[in-house]
Amino acid sequence: MRELAFRVMGDHPRQVELNIYDSLGTLVACPLRPAALPPGRYSAWWEGKTLAGQPAPPGIYLVRCAADDDRAFRVIEWRPDDA
């Protein structure tokens, strides 16, 4: 399982979502579906499974965090022993 920590900044709740993409840009997982979150620190967890519930293969993945019109990206390496 992989912790994905993030912060919501500002002075009002924002619509936030986290998505994970493989190296080809294909959506693999959605650890956080769109949700209105007030400012603060948060964590979401990815269990290394695809949207179909299958184990994700080892490799490099792109995590995209979107809060309203703001976007942030982070590259992570997934290994099955992370679970």
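Considering only residues that are of a type in the set (Phe, Trp, Tyr) and closer than 18 Å to residue 68 by Cα, look in the range 1-44 and name the one that is modelled with the lowest pLDDT. The qualifying residue modelled with the lowest pLDDT is 6.
Annotation: residue 24 fulfils all but one of (1) in a strand (DSSP E or B); (2) under 16 Å from residue 74 (Cα atoms); the unmet one is (1). For the range 55-83, filtering for residues that are farther than 11 Å from residue 16 by Cβ and of a type in the set (Asp, Glu) leaves 4.
The rows are residues; the columns are (1) surrounded by 13 or more Cβ atoms within 10 Å (Cβ to Cβ); (2) not β-branched (Val, Ile, Thr).
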{"position": "4", "(1), (2)": "yes, yes"}
{"position": "12", "(1), (2)": "no, yes"}
{"position": "20", "(1), (2)": "yes, no"}
{"position": "32", "(1), (2)": "yes, yes"}
{"position": "41", "(1), (2)": "no, yes"}
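Just so you know, in the range 43-61 the residues that are touching a residue at least 40 places away in the same chain (Cβ under 8 Å) and part of a loop (DSSP other than H, G, I, E, B) include one that is surrounded by the fewest Cβ atoms within 10 Å (Cβ to Cβ), and it is 47.
Scanning the range 1-25 for residues that are among the acidic types (Asp, Glu) and farther than 21 Å from residue 50 by Cα yields a single hit, 11.
The values are calculated or read from the model by the stated rules, or taken from the named source; none is laboratory data. From a predicted model like this one, the values you see are computed outputs, not experimental measurements. Reconstructed Cβ throughout: ideal geometry from the backbone, glycine too, with neighbour counts over all protein chains shown.
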